[in-house]
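S.K.: Here it is, the structure in full.
A short reminder: the numbers here are calculations on the coordinates, not readings from a lab. All values reported here derive from a predicted model rather than from experimental measurement. Quick reminder, even Gly has a Cβ in these numbers, built from the backbone with ideal geometry, and neighbours come from all protein chains shown.
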């Protein structure tokens, strides 16, 4: 018995019981002092709208009673939790509040001064490269398989090139010179990056620099050598503002929101003297730099 | 091979069931997928993010059990998981409709990771010259059916011929060989299978008794997790005719394309994390592609 009386756990429990008793007696009233919860008409309407959106029909009277009961339950528990200070030092609550403020500030800013047509045009001009399409190319190609032809492949391709380009005389067609391959023999208006992905190597780079309208090469791909006839090069064109208007508006608003947020943050931050305590390094650990 | 564990066994059973029921429930196309639960399609050997979040890259993931079930004794080690795979679709255009149409007609193939091009056509009249044209696929569609298709009504005295071609992934390894796998149902109702080497790189000679082409060799530098494309071929193409055809027997044919050996993700892990893998860990592999079969059904 004596040892039990000296047991610290027992002391702890007794003290706890006493504290709760005092606490309970001291506050049997609602923490906010008024002790009143009013469920307003507009709140009930909100509940009905929310329910209808989910279930595609309005709630029955029993369901509505349930909704209101739940709303009251939420309010009671919310107030009690707040009075106990459960909102403090809570990662989720902090994150949510930060999020709310970060959403709110830029939204207000963009509503105060919606972008004008002139703003839009200016933004579009400034960021033209962002909206420019990729250059495309149309070409035919003849493949020379180095693995099958060996070292003469280059010379053979060269000689085929001059025959293909000859105006008169030797009538060769692409079908009578190259080798078989699963690569497409003709590519129409394909983005240069797609050509690069298909042929590999330096092929696409040389393709966009070579001559137009006559056979040229040999160019090197991941597979071997190619003679190419570039039929058309379509530069990456700048669309009309009307074609990309929605995207431009979205980008401009996003930029403004970010700016508004940065300005507001700088103002808030200036209100505080920030102290970062030096990190206590464990022995032997090093290389962790401090940011002030 | 465990009967109910592999695709090929299901294809064989399909022939058997079709004879009994008149319909083949296992007439499917071949697609490759990751079976990853990470939400990532990162399945290259040098960019393998594992099958689950618990097997994401770490120095020891290869040695962790991936599956361990004490009640069945089943254990799969981390290193046994494979960085794969993709599906290739032969669609007429890059639209949702065309892609789904292609999948519906099974004109698809699976790869274990490389983006190789694979063509496979079956018909009665393919000639060796069809493998030398500039557009083999044009011949393929004109004279036969593509992967996923059907052959029937064999002309008297003719065996099915196949135009098969593969082009390597432009940034991956060279190709070792193309194989055609045949499965068939004999008169007694038993199924069989045979693997034919039909096209291969270099001047290797098939073994006269087995028909098997010797291994391509390897250029893998395991320590540095690299290889060189100094062996193998960048593309392979051939026309092959079934030498053992019996018009009375149901059969399927599909093509398998093998790359030359390359380092597995285990070799990349070993190099990146500077860890030594246990001796049982496989460090190299031959990436491959599988086409949907072409079925032959007697009339």
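S.K.: Using alpha carbon coordinates only, what is the Rg to Rh ratio of chain B, with Rh defined as the Kirkwood radius?
M.R.: Numbers: Rg = 20.4 Å, Rh = 20.7 Å.
That ratio is 0.99, to two decimals.
S.K.: Same structure, new question: Hey, how many Å between the Cα centroid of the range B:189-216 and the Cα centroid of the range B:74-125?
M.R.: 23
S.K.: Ok, one more. Once you put a point 7 Å from the Cα of residue A:202 and another 7 Å from the Cα of residue A:231, both along the Cβ direction, what distance in nm separates them?
M.R.: Result for the modelled spin labels: 2.8 nm.
S.K.: Something else: Counting other beta carbons within 10 Å of each Cβ, put B:19, B:299, B:168 in order, fewest first.
M.R.: Ordered by Cβ neighbours within 10 Å, fewest first: B:299, B:19, B:168.
S.K.: Rounded to the nearest 0.05, what FRET efficiency is calculated for residue A:163 and residue B:187 with R0 set to 45 Å and r the Cβ-Cβ distance?
M.R.: On the way: r = 57 Å, r/R0 = 1.28.
With R0 = 45 Å, the Cβ-Cβ based efficiency is 0.20.
S.K.: Determine the shielding of peptide B:231-240 by partner chains: average, over its residues, the number of Cβ atoms on other chains within 10 angstrom of each Cβ.
M.R.: For this peptide, the per-residue mean of nearby foreign Cβ atoms is 3.
S.K.: Give me the distance in nm between label points sitting 7 Å out from Cα along the Cα-to-Cβ direction at residue B:21 and residue B:210, one decimal.
M.R.: Between residue B:21 and residue B:210, the label points sit 3.7 nm apart.
S.K.: Using the 10 angstrom Cβ neighbour count as an exposure proxy, how do A:103, A:199, B:120 rank, fewest first? Please report the intermediate quantities before stating the final value.
M.R.: Numbers: A:103 12, A:199 23, B:120 31.
Going from least to most buried by this count: A:103, A:199, B:120.
S.K.: Checking the a/c ratio against 1.5 first, then a/b against b/c, what shape does the Cα gyration tensor give for the range B:15-93? Mind showing how you got there, number by number?
M.R.: Numbers: a/c = 3.85, a/b = 1.48, b/c = 2.60.
The shape class here is oblate.
S.K.: Taking 51 Å as R0, compute the FRET efficiency from the Cβ-Cβ separation of residue A:173 and residue B:33 and round it to 0.05.
M.R.: Numbers: r = 43 Å, r/R0 = 0.84.
Result of the calculation: an efficiency of 0.75.
S.K.: May I pose another question? Any chance you could give the angle, 0 to 90 degrees and rounded to 10, that helix A:8-26 forms with the longest Cα principal axis of chain A?
M.R.: Here the helix axis deviates by roughly 80 degrees.
S.K.: Determine, for B:266, B:291, A:52, the number of other Cβ atoms within 10 Å of each Cβ, and report the residues in order from fewest to most.
M.R.: Numbers: B:266 26, B:291 30, A:52 12.
Result, fewest neighbours first: A:52, B:266, B:291.
S.K.: Once you keep just the Cα pairs under 8 angstrom separated by 6 or more residues, what percentage relative contact order results for the range B:138-214? Can you show the working numbers first?
M.R.: Values: 64 pairs, mean separation 13.7, N = 77.
With pairs under 8 Å counted, the relative contact order is 18 percent.
S.K.: How far is helix A:241-270 tilted, in degrees, relative to the longest principal axis of the Cα atoms in chain A, given as a value from 0 to 90 rounded to the nearest 10?
M.R.: Long axis of A:241-270 versus the principal axis of chain A: about 40 degrees.
S.K.: Right, something else. For every helix of n ≥ 4 consecutive DSSP H residues, a contribution of -39,500 (n - 2.57) applies; sum these over chain A, divide by its total residues, and give [θ] at 222 nm rounded to the nearest 500 deg cm²/dmol.
M.R.: Working: 13 runs with 163 residues, N = 292.
Taking each H run of at least 4 residues, the total per residue is -17500 deg cm²/dmol.
S.K.: Let me ask something additional. Based on alpha-carbon centroids, what's the gap between the range A:229-283 and the range A:122-154 in Å, whole number please?
M.R.: Value for the Cα centre distance between the two parts: 31 Å.
S.K.: Compute the Cα gyration tensor for the range B:111-190, then decide on rounded, prolate or oblate, letting a ≥ b ≥ c be the square roots of its eigenvalues: rounded whenever a/c is under 1.5, prolate when a/b is larger than b/c in the other cases, and oblate in all that remain. Let's see the in-between values first.
M.R.: Working: a/c = 2.57, a/b = 1.43, b/c = 1.79.
In terms of gyration-tensor shape, oblate.
S.K.: Using the Kirkwood radius over C-alpha pairs as Rh, can you work out the diffusion coefficient of the range A:46-151 via Stokes-Einstein at 25 °C, viscosity 0.890 mPa s, in µm² per second?
M.R.: Details: Rh = 21.7 Å.
It diffuses with D of about 113 µm²/s by this estimate.
S.K.: A further question follows. Can you tell me the relative contact order of the range B:177-264? Whole percent, Cα pairs under 8 Å, sequence separation 6 or more.
M.R.: Details: 139 pairs, mean separation 34.9, N = 88.
Computed over the range B:177-264, the figure is 40 percent.
S.K.: Against the longest alpha carbon principal axis of chain A, how many degrees, from 0 to 90 and to the nearest 10, is the axis of helix A:153-165 turned?
M.R.: 70
S.K.: Relative contact order of the range A:131-278, please, whole-number percent, based on alpha carbon pairs below 8 angstrom and at least 6 residues apart.
M.R.: RCO, the range A:131-278: 34 percent.
S.K.: What nm value, rounded to one decimal, do you get for the distance between residue A:3 and residue A:68 when each label is placed 7 Å out toward the C-beta?
M.R.: Using points 7 Å along Cα→Cβ, the separation is 6.2 nm.
S.K.: Pull out a ≥ b ≥ c, the square roots of the eigenvalues of the alpha-carbon gyration tensor of chain A, then state rounded if a/c is under 1.5, prolate if not and a/b is larger than b/c, and oblate in the remaining case. Intermediate values should be presented prior to the final figure.
M.R.: Values: a/c = 3.06, a/b = 2.35, b/c = 1.30.
Prolate is the answer for chain A, as a/c is 1.5 or above and a/b outweighs b/c.
S.K.: In addition: Would you mind calculating the gained length between residue B:223 and residue B:272 on full extension (0.36 nm times residue separation, minus the Cα-Cα distance), in nm to one decimal?
M.R.: Numbers: separation 49, 0.36 × 49 = 17.64 nm, distance 1.01 nm.
Gain on extension, residue B:223 to residue B:272, equals 16.6 nm.
S.K.: Between residue B:152 and residue B:89, 0.36 nm times their residue separation minus their Cα-Cα distance comes to what? Write out the running numbers ahead of the final one.
M.R.: Numbers: separation 63, 0.36 × 63 = 22.68 nm, distance 2.43 nm.
Length gained between residue B:152 and residue B:89: 20.2 nm.
S.K.: Rounded to whole Å, give me the distance from the Cα center of the range A:174-220 to that of the range B:12-36.
M.R.: 40
S.K.: With a Förster radius of 45 Å, plug the Cβ-Cβ distance of residue A:259 and residue A:60 into 1/(1 + (r/R0)^6) and report the FRET value to the nearest 0.05. Each step should come with its number before you reach the end.
M.R.: Values: r = 49 Å, r/R0 = 1.10.
Calculated transfer efficiency: 0.35.
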